[in-house]
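So the structure is just underneath, and the comments pick up after that.
The values are calculated or read from the model by the stated rules, or taken from the named source; none is laboratory data. Model, not experiment: these values are computed from the prediction. Note: ideal-geometry Cβ built from the backbone for every residue, glycine included; neighbour counts use all protein chains shown.
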Amino acid sequence: MTDAASGATADGVAGAGEVVLYWRPLCTYCMKLRFGLLFTRLRYSRRFTRVNIWKDQDAAAFVRSVADGNETVPTVSVAGRPMVNPSLRQLLAAAREYGA
């Protein structure tokens, strides 16, 4: 799991099978999802990237584009498909479905 200045392009597409977690500091929902991911296979995948939207304006713009103008986090892009505030179960199901 890595932090990236921008793990994805401005349209949120990070690559086939890649998972990008958009987060911000002090977000309890982000912390809960990130903690849950510690115990999954995604944690060890090189295709899993964390992007802090407070440090990356392009990432913040992407989140706003898929969250009705809001900076709702966590927002996750799974193989280019955005998910706003997914549960761990939803994220893992999407990762399995799209080969992440």
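Quick notes on this one:
- Tally of residues being assigned to a loop (DSSP other than H, G, I, E, B), at pLDDT 65 or above and loosely packed, with under 15 Cβ neighbours inside 10 Å across region 18-53: 5
- Residues in region 60-79 that are under 10 Å from the mean Cα position of the chain (by Cα) and either part of a strand (DSSP E or B) or small (Gly, Ala, Ser) (or both) were compared, and the one that is nearest to residue 28 (Cα to Cα) is 75.
- Taking the conditions (1) at pLDDT below 80; (2) surrounded by fewer than 16 Cβ atoms within 10 Å (Cβ to Cβ); (3) small (Gly, Ala, Ser) in turn, residue 61 satisfies each one other than (1).
- Neighbours by Cβ (under 8 Å, 6+ apart or cross-chain): first from region 72-85, under 14 Å from residue 48 (Cα atoms); second at pLDDT 95 or above and among the small types (Gly, Ala, Ser): 75/67
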